[in-house]
Amino acid sequence: MIDLFYMEGLPVAVMGLGKSGLATAAALRRSGAEVWVWDDNPASRATAEADGFRVVDLSTADLSELTTIVWSPGIPHTHPAPHPVALRARAAGIELVCDVELLGRAERDAAFIGITGTNGKSTTTTLIGHIMAAAKRPISVGGNLGTPVLTFAPLGSGGTHILEMSSYQLELTFSITFDVAVLLNVTPDHLARHGGMDGYVAAKTLIFHRQTAPRTAVIGVDDDHCRAIFAALTAAADQRIWPISARSPVAGGVYAADGGLIDDTEGRAERVAELADFPNLLGAHNWQNAAAAFAACKAAGVATATIVTAMASFPGLAHRQQLVASVEGVRFVNDSKATNADATEKALATFDPIYWILGGQAKDTGLAGLEGYMGRVRHAFLIGEAEEQFAAWLDGQGVAHTRCGTLDVATAKAAGLALAEGLSDACVLLSPACASWDQFANFEKRGEAFAAYAAAIAKAQQPDGSVGA
């Protein structure tokens, strides 16, 4: 756990008692701080009180003793309306920071790599961590990815903290200047929380806060917002800037072209890898992630050969286009985290032909926007509450489909048809475009079930009882 030595003896409040909030409170207590905690949820307060924390209602308490409130980034403090505690704190001159800021103050001698973007940041963060671990670097990986940063082991000089940063976290982190900062892309998201698109773009741009050479900015240039940020950074010329692209060559950067990964950071346009050699980085969105991770790790001093070898062994993120089994040329891909049509679109754009398993608890948008990918779908297999709704939509698209009810039936039927037809590059794809709650506790449990069903099918098909993947 990170030692927050500079907080010893000081009263500090923690607002929001989720996973990171409780980890923050524990780190502060262990560091000798006087810890106040609060959450608007009574159950969360009860959990903290049972753990021995002092529960203080920050909406009514005298805050004059405090200098700092460690704020859960998920709680609005500006837009669309600031939480009343945020208004009280700012009126009293109390700083609002998140746990990442406390990490930065404690680990001033460590290096920091930060990754943000509307899409792809979790995959890119995990991939960078995988590469850096292969390079035998002392690292920690977390942040918005899920691991609370104050549970990290201290690294100090020679270590690198690799942090997925949400726009919410960036607004509450002031001390860290990232040695390598990655911005993948910007598309409209969380606009209410940032007061509109301009506020959202400004929050994402904070990843480059105070960077100067030799620090490196890695920035995707495949969307208009990021191209504008790239142009502004280039004009200011404060840090080293490497553009990345999954769509076209970019001078002085890293990009995907003609099935290869090209490194032009030294002006040589060197083809460093074949994208087909990265089985868990399929599709254009993952090519951008690969380009970003390559650039970030090269900027951190990792040798090209080490980067490429590690990328080839990258297992992917669980439940995100995760290859879980293969048999007789048929791949079984777990994309359970695709809980809406926008997420499913990325998987449908990656594979062809597809034996598509979908359904569950439908979102308001249904399957809108997926019409252009139906030519890739050989057959669809429907499960869950959305079965009838989605069957009607598929009828309208002329897509053959089977109502299966449950995931085990759908997986068996999809596998049977895929194996019987024997088409090249066939993929049994779980990409539900739905929440899981009608049949599973969460998307993770749904993905784990699919992986187990797929493994059993693969094992049954192989004479030696092994499972290909």
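The values are calculated or read from the model by the stated rules, or taken from the named source; none is laboratory data. As the structure is a computational prediction, the values presented were derived from the model and not from experiment. As a convention, Cβ positions derive from the backbone with ideal geometry for all residues, glycine included, and neighbour counts pool all protein chains shown. Areas reflect the complete protein model, heavy atoms only, side chains present, ligands, DNA and RNA absent. Shrake-Rupley method; radii C 1.70, N 1.55, O 1.52, S 1.80 Å.
Among the residues of segment 27-59, those that are of a type in the set (A, V, I, L, M, F, W, C) and farther than 12 Å from LEU102 by Cβ comprise VAL35, TRP36, VAL37, TRP38, ALA43, ALA46, ALA48, ALA50, PHE53, VAL55, VAL56, LEU58. No other residue among ARG88, ARG105, ARG137 is among the charged types (D, E, K, R), within 18 Å of MET1 (Cα to Cα) and either modelled with pLDDT of 95 or more or open to solvent by 30 Å² or more (accessible area, probe 1.4 Å) (or both) apart from ARG105. Determine whether segment 160-173 contains at least one residue that is open to solvent by 40 Å² or more (accessible area, probe 1.4 Å), touching a residue at least 40 places away in the same chain (Cβ under 8 Å) and either in contact with a His (Cβ under 6 Å, 6 or more places away or on another chain) or farther than 20 Å from GLY21 by Cβ (or both). Within segment 160-173, not a single residue is open to solvent by 40 Å² or more (accessible area, probe 1.4 Å), touching a residue at least 40 places away in the same chain (Cβ under 8 Å) and either in contact with a His (Cβ under 6 Å, 6 or more places away or on another chain) or farther than 20 Å from GLY21 by Cβ (or both). With respect to ARG268, determine if the residue is of a type outside the set (Val, Ile, Thr), more than 18 Å from VAL186 (Cα to Cα) and open to solvent by 60 Å² or more (accessible area, probe 1.4 Å). Answer is yes for this residue. Count of segment 288-302 residues, restricted to those that are over 17 Å from the mean Cα position of the chain (by Cα) and among the small types (Gly, Ala, Ser), is 4.
Scanning segment 362-374 for residues that are open to solvent by 50 Å² or more (accessible area, probe 1.4 Å) and modelled with pLDDT under 95 turns up LYS363, ASP364, THR365, ALA368.
Output the residue which, of all residues in segment 202-235 that are of a type in the set (S, T, N, Q) and not in a loop (DSSP other than H, G, I, E, B), is surrounded by the fewest Cβ atoms within 10 Å (Cβ to Cβ). Among residues in segment 202-235 that are of a type in the set (S, T, N, Q) and not in a loop (DSSP other than H, G, I, E, B), the one surrounded by the fewest Cβ atoms within 10 Å (Cβ to Cβ) is THR234.
Taken together, the residues in segment 449-460 that are open to solvent by 80 Å² or more (accessible area, probe 1.4 Å) and touching a residue at least 12 places away in the same chain (Cβ under 8 Å) amount to 1. Figure legend. Inter-residue proximity from segment 368-383: first residues under 17 Å from CYS427 (Cα atoms), second residues in a strand (DSSP E or B) and of a type in the set (D, E, K, R), beta-carbon distance below 7 Å, spacing 6+ or different chains. Indicated pairs: LEU382/ARG403.
Just to verify a result, which residue in segment 385-444, among those that are part of a loop (DSSP other than H, G, I, E, B) and of a type in the set (Phe, Trp, Tyr), is surrounded by the fewest Cβ atoms within 10 Å (Cβ to Cβ)? Going through the qualifying residues, I end up with TRP437.
Look at GLY129 and say whether it is open to solvent by less than 10 Å² (accessible area, probe 1.4 Å), in contact (Cβ under 8 Å) with a residue 24 or more places away in the chain and assigned to a strand (DSSP E or B). When the stated conditions are applied, GLY129 does not pass them.
Being within 29 Å of the chain's Cα centre (by Cα), open to solvent by less than 50 Å² (accessible area, probe 1.4 Å) and hydrophobic (A, V, I, L, M, F, W, C) is true of VAL377. Is segment 295-309 home to any residue that is surrounded by fewer than 23 Cβ atoms within 10 Å (Cβ to Cβ), at positive phi and free of Cβ contacts under 8 Å to residues at least 40 places away in the same chain? Checked segment 295-309: at least one residue is surrounded by fewer than 23 Cβ atoms within 10 Å (Cβ to Cβ), at positive phi and free of Cβ contacts under 8 Å to residues at least 40 places away in the same chain. Restricting attention to segment 108-126, the residues being at pLDDT below 95 and either polar (S, T, N, Q) or open to solvent by 10 Å² or more (accessible area, probe 1.4 Å) (or both) number 6.
Restricting attention to segment 60-76 and to residues that are in contact with a Phe, Trp or Tyr (Cβ under 8 Å, 6 or more places away or on another chain) and without any contact (Cβ under 8 Å) to a residue 60 or more places away in the chain, the residue that is farthest from LEU102 (Cα to Cα) turns out to be ALA61.
Just name the residue that is farthest from CYS98 (Cα to Cα) out of those in segment 169-201 that are modelled with pLDDT of 95 or more and in a helix (DSSP H, G or I). Within segment 169-201, the match that is farthest from CYS98 (Cα to Cα) is LEU170.
In the set VAL333, VAL302, only one residue is assigned to a loop (DSSP other than H, G, I, E, B) and either at pLDDT 95 or above or under 21 Å from ASP408 (Cβ atoms) (or both); that residue is VAL302.
Remark: ALA349 falls outside the filter, which requires a residue to be of a type outside the set (Val, Ile, Thr), within 25 Å of ILE262 (Cα to Cα) and at pLDDT 95 or above.
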